[in-house]
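See below for the structure under consideration.
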Amino acid sequence: MINSPGQHIISKLNHLAVYLRVPIFCRQLHAYTIGVLVLSVILLLGSCKSEVTTPITAEDRPLNFVVIFCDDLGYGDLSSFGNPVIQTPNLDRMVYEGQKWTQFYVADPVCTPSRSALMTGRYPIRTGMTSKKRAVLFPDSGSGLQPDEITVAEVLKQKDYATAHVGKWHLGHLPEYLPTAQGFDYYYGIPYSNDMNAAEGKSKLYRDQMSDPDFYPDTQNYNVPLMENEEILEQPADQNTITRRYTERAVQYIQDNQDKPFFLYLAHSMPHIPLFASEEFRGSSKHSLYADVIQEIDWSVGEVLQTLRDLDLDQHTIVMFSSDNGPWLSFETHGGSAGPLRAGKGTTFEGGQRVPTIFWGPGNVQPGIVDEMGSTLDVINTFAVMAGADLPTDRKLDGYDLSGVLKGEEQTSPRTQFYYWAFSELHAVRSGPWKLHVQQRKPVHYGNIAAMDGPELYHLEADISEKYDRYDQYPEVVNSLESLMSDHLKDVEGSTPDQLVIKIKTE
């Protein structure tokens, strides 16, 4: 449910009071005065703007869409999601002006499968983008997201959207699987994870140093290509400046396409290890390299949002911020935090698949906190509806249209159930507040299967950290959830075979 507008205004005024260091005993006394002043300034600025610009109606201009996607960002890594150390003022402002979703899920707890679901609105098991043998795609992989899959970019192309992907792709590095073959007009970024093609012994070196929060790796140790469309610009990519360069390309793309509807998918390589930050951000947090990296990402978000404001596109753009999965906990101080959630990346505990998510769009997204369920699976449905585009009808989609919640027209999300897949296996299911685990990976070293005495049942609304197993107390709930899992497994029968296991043929 979205918090009421009155509660949201009070929350904003309290944040303003804290920022201005208003003594706590004065805040209530001056709440009315502060409110009047803030509203007066808003009305004055609005009237001034109307004198020099002609408002563009929704009929005149389709909405633009921007997805900002991080790599291995944890639920507890942003100040607006509870981190007491890392400063993320631009994301905090995005939260205050937009919607903070507290129960938003990715379809898989590792990279390639998760990203395939974001692009297609389909569980990775349906598209062959999950595997029991290979967790993700690698530089020797011979396949990728199949050409007959339909991406968000291809759906929006129906309405003549300009489309660009800046950042990490990881859905296939061969020409027939690159973004330019999947509906994107333009691509600038790395084709797979930034730790791949590591020089001999350098991956071990990183693990040996990861207890040092300030250890800074050598970008030359990772032979990852930086590409533009189908061409390699540099190899190894200079990852020291990669967040800044992604940001510059994203801003330039918005500026170049301001007179037409566009879809921009900005997928940061960070904070996936190895961690790198531009020189001006190293040491900026005074806490750790990881915090420096997050603060540079926050700067990047601020640059994108400010560009939209400067070009008067903020009222015509929906921006989504999220992460592909939870934090990589085995990298200790070089990994993030899942906050109150259990475990992290690679697991189907909440810390692996519940991610910090924000939607922003002044005039189109009603500000508030949304405690309903949502998923990256829902992006393609939501954007299609808001753009007036058609969804494919020849295949099963697993998403829902969240536009009613975004616009404040609906208080409840159409998503009431979620299936937790990992490594091509169904591990858990959630319906309402209840979550049933039937398989698990070890919380930190997720490459290992965790032994279970039996299925486990958790009430997530009362037990966000999945500490208290209620399996024995609620047999009727267990039966209902087991039935859902059985039906779902039947529904995915006959899916595309495993594509991650395919390697490039060598003579």
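Values in this text are rule-based calculations from the coordinates and carry no lab data. Please read all numbers here as calculations on a predicted model, not as lab measurements. Backbone-built Cβ (ideal geometry, glycine too); neighbour counts: all protein chains shown.
With the Cα gyration tensor of the range 64-415 in hand, convert its eigenvalues to equivalent ellipsoid semi-axes via √(5λ) and list them largest first in whole Å.
Calculated on Cα positions only, the semi-axes equal 28, 23, 20 Å.
Taking every alpha carbon pair in the range 122-242, what does the distance histogram look like in 10 angstrom bins from 0, in percent?
Reading the bins upward from 0: 12, 37, 32, 16, 3, 0.
Given only helices, namely DSSP H runs of n ≥ 4 each adding -39500 (n - 2.57), what is the per-residue ellipticity at 222 nm of the chain, to the nearest 500 deg cm²/dmol?
Result for the chain, helices only: -9000 deg cm²/dmol.
Working from the pairwise distances between different alpha carbons, so that the mean of 1/r is found and then inverted, what is the range 314-455's Kirkwood radius in Å?
With all distinct Cα pairs of the range 314-455 included, I get 16.8 Å.
Among DSSP bridges having both ends in the chain, what percentage is antiparallel? Round to the nearest 5.
Working: 30 of 57 bridges.
If we restrict to bridges inside the chain, about 55 percent are antiparallel.
How many angstrom separate the Cα center of the range 149-214 from the Cα center of the range 300-370?
So the two Cα centres are separated by 18 Å.
Hey, rough spin-label estimate for V85 and D487, points 7 angstrom out along Cα→Cβ, what's it come to in nanometres?
Label-label distance for V85 and D487, simple model: 4.6 nm.
Would you calculate the convex hull of the Cα atoms in the range 418-491 and tell me its volume per residue in Å³?
On the way: hull volume 6.9 nm³, N = 74.
Here the figure is 93 Å³ per residue.
Under 11 Å from a point 7 Å along the Cα-to-Cβ line of E228: which residues of the range 113-157 have their amide N that close?
No residue qualifies, since no backbone N sits under 11 Å from the label point.
Taking every pair of Cα atoms in the range 69-141, average 1/r, invert it to obtain the Kirkwood radius, and report Rg/Rh to two decimals.
1.08
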